[in-house]
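Comments concern the structure below.
The values are calculated or read from the model by the stated rules, or taken from the named source; none is laboratory data. For clarity, every value in this text was computed on a predicted model and none was experimentally measured. Here the Cβ is made from the backbone with ideal geometry for all residues, glycine too, and neighbour counts use every protein chain on show.
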């Protein structure tokens, strides 16, 4: 990749050099042809070579002065004026000196000792002429690069806007999926009450499972606040209920340990985020090895909420796909805590780790 980029840069540089060489050749040919047809005489070859070499040197020196100065994002200033005056003086001295030396060496030149003032004026005029050409060239390049830079900024802004719109679209899809998962609460709770009243005399465990399921369902259907959040303590309570419910299902044989440290009451979170992580443990983890139980730790430090789960999975379940559930969690976290959360999920050596950190220090201001 780097080699291709360097080759491309070299190709561009070569094209630029060739275009400048051709441009100068055309320009010099044009000037010498025009002089010949106007004056009916040609300029001495050696004299033309030296002076055009000076003109080209002046052209690029003037361009370099403007380029260096405008890196400070200023178009004009005292330093730039001083630089232009100095290059004009240096060029005039060099041009005048070359003509004097050539005249004394009896080399054909356009030097005329009889009218020094007019000759110096012509030198200065030619210097100003090429400096103006150079300035025009610099200005064209400067405006081109400025426009290109602005176009890139606009494209980046449009790309960012499109990404934000896509994120909002995905959040809406996730929220719609969440709403579609809800059913009529009255029908649901009436049905659960009927099931509970039917089986509580037959099986205490089954009745407890119905109560736990009812609490989890009631939590998922609760009205949210303006930010679409619930108290974190309530989410943790439902995490405990999910674990209890699954232990009842599997006759207390599941090897999973939950540790919850003190969590500030004013911490809030979008509902079912932590529960999604816990559900994935029951879906994909190997929970029958007492030596390697699934570990879930929830705690807070300095206004930052932490969630960490570690579990083993069998070869049969090694290829884990969390699908829509985990994708929805990512989108909801990004929407609720942009740049204030960090979700890391790693899987290696039959070990699956989920780590979530959320900066919640501002919750005290939102929910005193």
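Brief remarks follow.
- Screening 241, 237 for residues that are under 39 Å from the mean Cα position of the chain (by Cα), assigned to a helix (DSSP H, G or I), in the same structural domain as residue 287 (by TED's automatic domain parsing) and modelled with pLDDT of 85 or more leaves exactly one candidate, 237.
- Once region 304-326 is narrowed to residues that are in a loop (DSSP other than H, G, I, E, B) and surrounded by fewer than 17 Cβ atoms within 10 Å (Cβ to Cβ), the residue that is modelled with the highest pLDDT is 314.
- Unmet criterion (only one of (1) farther than 19 Å from residue 44 by Cα; (2) at pLDDT below 80; (3) within 57 Å of the chain's Cα centre (by Cα)) for residue 98: (1)
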